[in-house]
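Written below as structure tokens is the structure these notes are about.
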């Protein structure tokens, strides 16, 4: 069966009528979506998609896809894109991208239908009845949550991604269709206004480019990266593009000479290879210029070569031939075959000094490696039956998806979830070994504790100590390539808030926060209730007089089971008490309007400060940038991830943050009964360099009954700056200590640091 006759039928608004007659745009009277009268009728055809599909799908599959196209075309009837094209052109283009990856019929159908639920009100039940449950599930996973209201764009973005993730974990085709959707949107972004272009390009660079890289779809990754770069920095893009154009002619002779000499050398050694010249992406060149502070003329390795050989042993043979032909640059040889990247990318990389002293980069791989490198997980999408064996790429992808599922299950807030997953989207990797020689890949700068959580959540939660290369090291130690890491656990070991300061992976952060929340709920409830009561006072509200109907509505809107859930969210910084109080005011107005009552605005009452005692646990933290102590004037920041963070009122960092987001700051003060607690404090002491001066200074600090927890020193000519972290009870205690240290003859200056 061929579909050429049917496939070539066209539609000017997108619809294919029963007689395949094209209907002009101006016959439709949907005022919101029709093209202007001056617009030229635009033709959308199924034939291009059909040509791609016929190469690998059966006639039966083709028939089902055509049915999906007609359904989508009918539902998008009269809907026009900003470019003036019929809206159906977008899902059709997305389906063509998916067909280029040779996705199956269900995925192509979902691509054609991916906007009918969101834009046209088609129900999932209708999709299930007409096209089957798998297609409907994919479309549901792709549909945004536009009907729900979110406080911020970050919340909406995080919630959309969370929903897509759940569908993606069941069927990775969801993310492949979403990536195709984003790619076509980026290709047609020029019709949007500048602010929307910037927002969409930023989101693409921040989320979708790393996802494509993480899934190993390098051709998509490179194109989306350059498209986003073009929209984010149009002037820089144009300047670089012109510079590349100008340099191509100058380097053509060099590249031709390298190509011919490499081809000849490989043939002499019995290695049949395909050699491709390649060019760095514009964004890759720009990133290198920025990171290494180079001008364009200093970026020499703009061009390189990809060598595809027939077998794996020939990869290493070809590397030897290249190193005999040209001198390799030390430290620029990387074996991603023996140790694949997190996205299963495999190749040998080497950079050689070519003719005229110009560095030239080579990538050596087999055809199978090349296929995976270019199309990644799209080459083997993950919906096999249980009896089929998973490839290494599938195992890596499934492992990553499972880790994201673990994170979302332990994270109650969309913005926090989004923050966690972004950490894991940038897989610049470090490779370490378990004691049994299993290779574990982690993001660069990952610590020993990240390794423990990568093994298992229970291992991480009960990590007592760690050995790297048979030597005991702190949990915060950053891992290096080749390290052998051994985790020692104890049932008495548990996560602490300090762990959050040095873990790098999203899984570790979410697991630690989940544990801390579970064991500190009572503290969170108390703090959250106190903060909400204060916010009610500022709105001149008496909690006892608020109708129960208002609280019921608040619980429904926030998805909370009880007020305690809201108190916990406020106590750990996931919700702002001021915003909750303002919403309560709005709900009271709604209830009163229904009853025919009016509410008069009154002046807010003077707000009493929240009292700080230094023993509140993780829900109240003293800011490490300024380390306030009792007696200091203090202010409090409601932080999304750390609860209430207390700063010294003179802290410069706090002043900058307050100028950006004043609504997150509240009045705080020290409680009266602080007991004999000690508080960390930074102290700077400038001394004239003399023998034994450090001993004399530390002696005076100890004599003032203060504990030294850290010390560092920095030479400044004939002087030395000592930086201490000390523990004192309050400002009076600190003042007495400073007076004692000043009496040391070598001391020139002394004072608090970082204020």
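Of all residues in segment 241-260, at least one satisfies being under 29 Å from the mean Cα position of the chain (by Cα) and part of a helix (DSSP H, G or I).
Taking segment 455-473 as the range and being touching a residue at least 12 places away in the same chain (Cβ under 8 Å) and under 12 Å from residue 485 (Cα atoms) as the test, the residues that pass are 455, 465, 466, 467, 468, 469, 470, 473.
Select from segment 542-567 the residues that are in a loop (DSSP other than H, G, I, E, B) and surrounded by 14 or more Cβ atoms within 10 Å (Cβ to Cβ) and list them in ascending order. Passing the criteria: 546, 560.
Being under 28 Å from residue 571 (Cβ atoms) and in contact with a strand residue (DSSP E or B) (Cβ under 7 Å, 6 or more places away or on another chain) holds for only one residue in 687, 645, 693, and it is 645. Picking from residues in segment 290-332 that are assigned to a helix (DSSP H, G or I), in contact (Cβ under 8 Å) with a residue 12 or more places away in the chain and within 37 Å of the chain's Cα centre (by Cα), the one that is farthest from residue 368 (Cα to Cα) is 296.
A single member of 606, 656 is more than 29 Å from residue 522 (Cβ to Cβ) and either modelled with pLDDT under 75 or in contact with a helix residue (DSSP H, G or I) (Cβ under 7 Å, 6 or more places away or on another chain) (or both), and it is 606.
Scanning segment 741-755 for residues that are in a helix (DSSP H, G or I) and either buried (at least 18 other Cβ atoms within 10 Å of the Cβ) or within 45 Å of the chain's Cα centre (by Cα) (or both) gives a single hit, 741.
One residue stands out in segment 423-444 among those that are part of a loop (DSSP other than H, G, I, E, B) and modelled with pLDDT of 80 or more: the one that is surrounded by the most Cβ atoms within 10 Å (Cβ to Cβ), namely 434. Would segment 214-223 turn up any residue that is modelled with pLDDT of 70 or more, within 16 Å of the chain's Cα centre (by Cα) and in a helix (DSSP H, G or I)? Among the residues of segment 214-223, at least one is modelled with pLDDT of 70 or more, within 16 Å of the chain's Cα centre (by Cα) and in a helix (DSSP H, G or I), which makes the answer yes. Checked against (1) in the same structural domain as residue 372 (by TED's automatic domain parsing); (2) assigned to a helix (DSSP H, G or I); (3) touching a helix residue (DSSP H, G or I) at 6+ places or on another chain (Cβ under 7 Å), residue 226 meets all criteria but (1).
Right, residue 618: modelled with pLDDT under 85 and in contact with a strand residue (DSSP E or B) (Cβ under 9 Å, 6 or more places away or on another chain) or not? In short, yes.
Of 726, 738, all but one fail to be more than 27 Å from residue 526 (Cβ to Cβ), at pLDDT 90 or above, assigned to a helix (DSSP H, G or I) and over 36 Å from the mean Cα position of the chain (by Cα); the exception is 738. When segment 684-717 is limited to residues that are in contact with a helix residue (DSSP H, G or I) (Cβ under 8 Å, 6 or more places away or on another chain) and surrounded by 16 or more Cβ atoms within 10 Å (Cβ to Cβ), the one that is farthest from residue 746 (Cα to Cα) turns out to be 706. Is it fair to say residue 78 is touching a residue at least 40 places away in the same chain (Cβ under 8 Å) and surrounded by fewer than 16 Cβ atoms within 10 Å (Cβ to Cβ)? Criteria not met by residue 78. Among the helices (runs of 4 or more DSSP H) confined to segment 114-205, the ones with at least 2 residues that are over 29 Å from residue 78 (Cα atoms) and modelled with pLDDT under 85 are located at 153-170.
The number of residues in segment 521-541 being surrounded by fewer than 16 Cβ atoms within 10 Å (Cβ to Cβ) and within 15 Å of residue 592 (Cβ to Cβ) comes to 1. Checking each residue in segment 445-467 for being surrounded by 19 or more Cβ atoms within 10 Å (Cβ to Cβ) and either modelled with pLDDT of 90 or more or not in a helix (DSSP H, G or I) (or both) picks out 446, 447, 448, 449, 450, 451, 452, 453, 460, 463, 466.
The values are calculated or read from the model by the stated rules, or taken from the named source; none is laboratory data. Quick caveat, the model's predicted, so the values are computed rather than measured. Don't worry about glycine lacking a Cβ; one is built from the backbone with ideal geometry, like all the others, and counts go over all protein chains shown.
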